[in-house]
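Notes for the one structure printed next.
The values are calculated or read from the model by the stated rules, or taken from the named source; none is laboratory data. These numbers were taken from a predicted model, which means no experiment stands behind them. Neighbour counts are summed over all protein chains in view; Cβ atoms, including those assigned to glycine, are modelled from backbone coordinates with ideal geometry.
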Amino acid sequence: MHGTKLPERGLQPVVELRKEGATYAYSVRAPRSKGVIPPSSYSNSGFATLADCLRDVARALGGDFHRIYVRLEEHCVGERNIAELVEAAEKVSAELKADYRAASAAEQATAFVLETDRFSGS
């Protein structure tokens with residue numbers, strides 16, 4: 001493996017999306033190793049729709065980053081290219097909501113099984 005250099009991996013921020021009453025908001029965090037959750041480095045709020053929020057994420061981060069990790073209401077919902085947020089914010093919004101519903105349902109099912117096992121003595 002002499003002379004072989006691995007490509008450097010660029011920083012990929014974590015974007016936390018959340019609903020605040022009737023509007024959407026987001027914050028951006030820079031990931032760190034070993035599970036350390038850093039404080040938010042940027043946030044914005046007051047967006048009428050999730051798609052509007054995603055468009056602002058693209059404006060805020062698009063000049064510096066190509067991809068982001070996405071969390072919606074504290075659930076990991078994958079990674080996205082910034083270009084997707086610009087070109088198809090409505091579609092991405094629908095997909096993120098579907099991924100959130102699936103993650104939330106899986107979490108509830110796991111909690112139910114654990115609770116059932118606890119009461120049955122397993």
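Of note:
- Residue count for segment 90-117, restricted to those that are over 20 Å from T49 (Cβ atoms) and either of a type in the set (S, T, Y) or at pLDDT 75 or above (or both): 7.
- In segment 58-72, the residues that are surrounded by fewer than 14 Cβ atoms within 10 Å (Cβ to Cβ) and modelled with pLDDT of 95 or more: R59
- Pairing residues of segment 90-111 that are more than 11 Å from C76 (Cβ to Cβ) and in contact (Cβ under 8 Å) with a residue 24 or more places away in the chain with residues that are among the acidic types (D, E) and part of a helix (DSSP H, G or I), at Cβ distances under 8 Å and at least 6 apart in sequence or on separate chains, gives V92/E84.
- Residues of segment 40-94 satisfying the condition of being over 17 Å from R18 (Cβ atoms) and in a loop (DSSP other than H, G, I, E, B): G62, G63, D64, F65, H66, A88
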